[in-house]
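Here's the structure, in structure tokens; my notes come after.
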Amino acid sequence: MIDEYLSKCADNNNYTIYTSFCKARRIMLNSYSPVCSISGGADSDIVLDIMHKVDEDGRIKYFWIDTGLEYSATKEHLDYLEQKYGISIERVKPDKPIPTCVKEYGVPFLSKFVSEQMMRLQKHGFQWEDEPLEVLLQKYPNCKVALQWWCCERYSDKDGFQKISRFSIERNRWLKEFIMANPPDFPISNKCCEYAKKIPAKRMVKDNDADLDITGIRKAEGGIRSAVYKTCFSECKSKGCDTYRPVFWYTDKDKHDYEQMFDVTHSRCYTEYGLRRTGCVGCPFSKHINEELAVIEEHEPNLYKAAVHIFGKSYEYTAKYRAFVKEMKAKDKEEKKRDKLSANGADTGGDPVSADRSTVPA
Ligand code: SF4
């Protein structure tokens, strides 16, 4: 059967998909108790299709974690997947659902990494002050990593050039200036990712004594989630469970090719609502949160109300930050324009007016 899939890949000239089948088959030959996490999203649909095709004796245990804020279209899609492949997908309860986490720890803001650092700083009563790292380390001695993020720590590359760390606050333009001008008056946290996703997934690995954990991370999706991995497979000697990401190298085009070649149907979140990504409803980390909220309001009005109730403070703060960035960009542009004019003026003896006149034809 696998030969048929491989020929299809060769006929369609897609060797990323071809290689992923070969690799998936090889990895499955060495696994006795694999588990595969299903999210109901587009990448996960492809992962399931690949793994089901290479799992000839049905060893993979599939599971889905109910974070407590899920689209009904996703839940329906799970039923569809079970029927299509003749498998069962275990519905796993989170250690704490998202609404409880937000209530207990705080609301996610901007990205997982930013939320983590802001949460750490808030925990130490940080006053969002603009001081050098050495000063802040004395004042707040137990949160070095978060302070390094805040102070835009740089590092020297192998040639001795100073570079901004991938984990510096400067990666989010004007975020530091924004926070200093508008300190958050509510707790920020990324704990929902931990209690509603990460810990239950780890529990599934442990409870099933799994030796292989299969997930749908793609390098092209960007962000911290994909940045921590260098390849599609990570061997873990200590806890005995390797991790495998079958679509790690897939580009958007490969995804599209796969859908066409193997007739993959995604959930109504994509086909009917028109969402570009799924996952937790209204997660504030989404770059297109306003468009998403409009879609959620139209198609799942009760979930919309829940998302606004849970994440409202983060939505407001994010909107304020985006407006701040826009304003700063405009100011920056204006300043550059002025600098350019005065530089032209300096070239002609310091008089910008004469500089302008010199370009006017007589
Ligand atoms: S993806 Fe967003 S909403 Fe979902 S658990 Fe993580 S931070 Fe919370």
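The values are calculated or read from the model by the stated rules, or taken from the named source; none is laboratory data. Everything numeric in this text was worked out from a predicted model, so none of it was measured. Virtual Cβ from ideal backbone geometry, glycine too; neighbours counted across all protein chains shown. For accessibility, only protein heavy atoms count, side chains too; no ligands or nucleic acids. Shrake-Rupley method; radii C 1.70, N 1.55, O 1.52, S 1.80 Å.
Points to keep in mind about this one:
- Count of residues meeting criterion [within 12 Å of the ligand (Cβ to nearest atom) and on the phi > 0 side of the Ramachandran plot] in segment 271-323: 2
- Scope segment 276-315; condition assigned to a helix (DSSP H, G or I) and among the acidic types (Asp, Glu); matching residues: Glu291, Glu292, Glu297, Glu298
- With respect to being within 16 Å of the ligand (Cβ to nearest atom), modelled with pLDDT under 95 and hydroxyl-bearing (Ser, Thr, Tyr), Thr231 falls outside the description.
- Test: residue in segment 234-255 that is more than 16 Å from the ligand (Cβ to nearest atom), within 18 Å of the chain's Cα centre (by Cα), surrounded by fewer than 18 Cβ atoms within 10 Å (Cβ to Cβ) and more than 17 Å from Val47 (Cα to Cα): no
- Pair list, Cβ under 6 Å, 6 or more apart: segment 92-105 residue touching a residue at least 24 places away in the same chain (Cβ under 8 Å), other residue away from the ligand (no atom under 12 Å from the Cβ): Val92/Phe63
- Among the residues making up segment 284-311, those that are closer than 21 Å to Gly222 by Cα and open to solvent by 20 Å² or more (accessible area, probe 1.4 Å) are Phe285, Lys287, His288, Asn290, Glu291.
- Scope segment 41-74; condition within 16 Å of the ligand (Cβ to nearest atom), farther than 16 Å from Glu259 by Cβ and not aromatic (Phe, Trp, Tyr); matching residues: Ile65, Asp66, Thr67, Gly68, Leu69, Glu70, Thr74
- Candidate set: segment 80-134, residues that are open to solvent by less than 10 Å² (accessible area, probe 1.4 Å) and polar (S, T, N, Q); chosen: the one farthest from the ligand (Cβ to nearest atom): Gln117
- Among the residues examined, Phe186 qualifies as under 29 Å from Gly68 (Cα atoms) and not hydroxyl-bearing (Ser, Thr, Tyr).
- Criterion (open to solvent by 50 Å² or more (accessible area, probe 1.4 Å) and at pLDDT 95 or above) met by exactly one of Ile179, Ile199: Ile199
- Residue match in segment 43-50 (condition: crowded, with 20+ Cβ neighbours inside 10 Å and closer than 30 Å to Leu175 by Cβ): yes
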